[in-house]
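The values are calculated or read from the model by the stated rules, or taken from the named source; none is laboratory data. Computed from a predicted model, the values in this text were never measured in an experiment. Note that each Cβ is placed from the backbone with ideal geometry, even for glycine, and that neighbours are counted across all protein chains shown. Areas reflect the complete protein model, heavy atoms only, side chains present, ligands, DNA and RNA absent. Shrake-Rupley method; radii C 1.70, N 1.55, O 1.52, S 1.80 Å.
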Amino acid sequence: MGAPAIAEFPAKLWGSIAARRARTFPSWLRTKDDGRGYRPLREAIAHYLAVSRGARCSADQVIVVSGAQQALDLLARLVLKKDEPVWMEDPGYFGAEIAFSSVGAKIIPVPVDEQGLNVEAGLRLCPHARGAYVTPAHQFPLGMTMSLQRRIALLKWASRAGAFVIEDDYDSEYRFEGSPVPALQSLDRNSNVILVGTFTKLLFPSLRIGYLVLPSSLMDLFMAFRYRTDFRNLSLDQAVLCDFIADGHLGRHLRRMRNLYSSRLAALMDASHQYLRGLLRISDVRAGLYTVGFLENGMGSRQAEKAAAIRGIDVVALDRYVLKLPDPKGVLMGFGAFNETEIRRAVLQLAAALDRRNVRTVTKEHLTNPTISATMKPN
């Protein structure tokens, strides 16, 4: 789930940029390092965010990190203390829950609906929370976009309460219909929003480069905190990524991948309408690298996950991301890394797995026949 189409990445181009940078390493290695990362890359990120997300920031507010999870871990340890309450979307991203729980914060599960995080519910549950974590452009895991009304309400609450808002912008670039959605940070006038992003899903998973956009008032405090564990923050990958962005390759790659992922999602939806009717209803959200399907066959999320795994299909039970709500009875399915033929074949197997008439028979054979167990193991 969420894996990009690695085979479609321009690896030769990336390699040629890396080779050129490796041959001239003093040009970037001797750059003054203030712990925020390679400055030309931070400038490129600030420009990219301004153009693509409407973000209002300078390079001095951008900090390069090793990925979104490191960003969340550092932020949790900086802005939260033991037993301080923090709002989290329910269902929501488990990585944020891990980061907040590791510092002993009190997680306040706030339900989401078709407009995103329910701010009114959050106010009823805990009006004086220290902060909130949200995925407004593409809610994880359900996929909806936070409405403008909710965004304004969230920012008004944060301003009144003196609370922070962590905006996780993990894959907002992959939106296949409608106008691009500006970042929540673009609406912030009171320096409450901290923007977190990553290039992992945009390019390839082993590229461990993400970023934070901090309010200027937090910058010195954050850097003093970071120096406890990380004195230098320059790498060859940062210099290569800088050239990849500045030379226009990132923009061209994203345009091509939007078209590819859009066609793969369309293939999944078409096959699902044909073969999963009455078993699984696919969300109509057209964005991202995965989609959610809601079960209509009476199965619970874990039951469906197990039934699919027996037939070699790797879906993720939706209730794995629930904090307090009951089982939403659904599964998450990645489509980005698979071509249309593979998607159609997988949907046929998923249909067989979710047909309750087959579950008892298949499970019995799976448990008693080691050959079937071996051949049906998920990839």
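Exactly which GluC sites (Glu not before Pro) in the range 96-156 are in a DSSP loop and have at most 13 other Cβ atoms within 10 Å?
Working: sites: 97, 114, 120; in loops: 114.
Loop-located and lightly packed - 114.
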Residue-normalised accessible area of the chain, given per residue in Å² at a 1.4 Å probe: 46
Principal-axis tilt of helix 68-79 within the chain, Cα atoms, nearest 10 degrees: 60
Environment charge at residue 121 (Cβ cut-off 15 Å; Lys +1, Arg +1, Asp -1, Glu -1): -2
Spacing of the two label points (7 Å from each Cα toward its C-beta) at residue 51 and residue 252, in nm: 1.3
Shape category assigned to the range 1-70 from the gyration tensor of Cα positions, a/c cut at 1.5: oblate
Debye, to nearest 20: dipole size of the chain, +1 on Lys, Arg Cβ, -1 on Asp, Glu Cβ: 420
Choice from 326, 109, 127 with maximal GNM fluctuation in the chain (Cα, 10 Å cutoff): 326
Cα shape, the chain, gyration tensor, a/c 1.5 rule: oblate
Among 50, 24, 7 the positive-end extreme of the charge dipole of the range 1-74 (Cβ point charges): 24
Where trypsin sites (Lys or Arg not before Pro) fall in DSSP loop in the range 171-222, at most 12 other Cβ within 10 Å: 189
Helix 39-53 axis, angle to the chain major axis (alpha carbon atoms, nearest 10°): 60
Mean ellipticity per residue at 222 nm, deg cm²/dmol - from DSSP H runs of n ≥ 4 across the chain, formula -39500 (n - 2.57): -13500 deg cm²/dmol
Listed residues 338, 249, 218: farthest to the positive end of the dipole of the range 217-354 (Cβ charges): 338
Dipole magnitude of the range 18-151 about its Cα centre (Cβ charges: Lys, Arg +1; Asp, Glu -1), debye to nearest 20: 800
Cα gyration tensor shape for the range 176-255, rounded if a/c is under 1.5, else prolate or oblate: oblate
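Listed here are the pairs 156/324; 32/81; 106/156; 12/306; which of them are more than 30 Å apart at the Cα?
32/81; 12/306
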Positive minus negative residues near residue 131 (Lys, Arg vs Asp, Glu; Cβ under 12 Å): +1
Residue 270 versus residue 342: modelled label distance in nm, points set 7 Å from Cα along the beta carbon direction: 1.9
